[in-house]
Amino acid sequence: MHIIISLLSEVSETNDKGGLFDFNATLPLMALQFLALTVILNFLYYKPVSNILDDRDEYIRNSLTSASASLVKADDLTKTYEFELAESRKSAQKIIKSAQEEAQAIVSEKIKEAQKEAEKLLISAYDELHIQKEQALKSLEIQIDILSDQIQKKLLDN
């Protein structure tokens, strides 16, 4: 390639009639040299670089696709877990409410039983006091009768 350029430069030096634009055999040779360089650069540089860039674009595209798929999957899992969490909270609230109602019912029942027991104790205490009162009154009546008989005897004896 250099040999051809040097030969052409010698030919152009012997032919000094043109100036800036000399249209001789150099122009087609420069065009061929340009095309040859373009083809060589295309095979040696542009194709490998474009292959690397295409591979990189494919890798990025695949990464973005897998990332978006993972994001969609994560969103679905998040929605599923949030729904399950809401359901479990609802069921826990229902369990707590039913337990509170059961506890309230048990407490109410125990209070009613205690009130009935207290009423029974009051009634039995009242009945016992009434019986003791009756016995005391009977005892007093007997003593009054005895005393009145004694008073009558003393008054009649005198």
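Odds and ends about this structure:
- Among the candidates GLU58, GLU101, residue that is acidic (Asp, Glu), open to solvent by 100 Å² or more (accessible area, probe 1.4 Å) and either in a helix (DSSP H, G or I) or modelled with pLDDT of 95 or more (or both): GLU101
- Some residue of the range 86-104 being more than 29 Å from the chain's Cα centre (by Cα) and hydrophobic (A, V, I, L, M, F, W, C): yes
The values are calculated or read from the model by the stated rules, or taken from the named source; none is laboratory data. Because the structure is a prediction, the values reported are computed rather than measured. Side chains included, ligands, DNA and RNA excluded: accessible areas come from the protein's heavy atoms. Shrake-Rupley method; radii C 1.70, N 1.55, O 1.52, S 1.80 Å.
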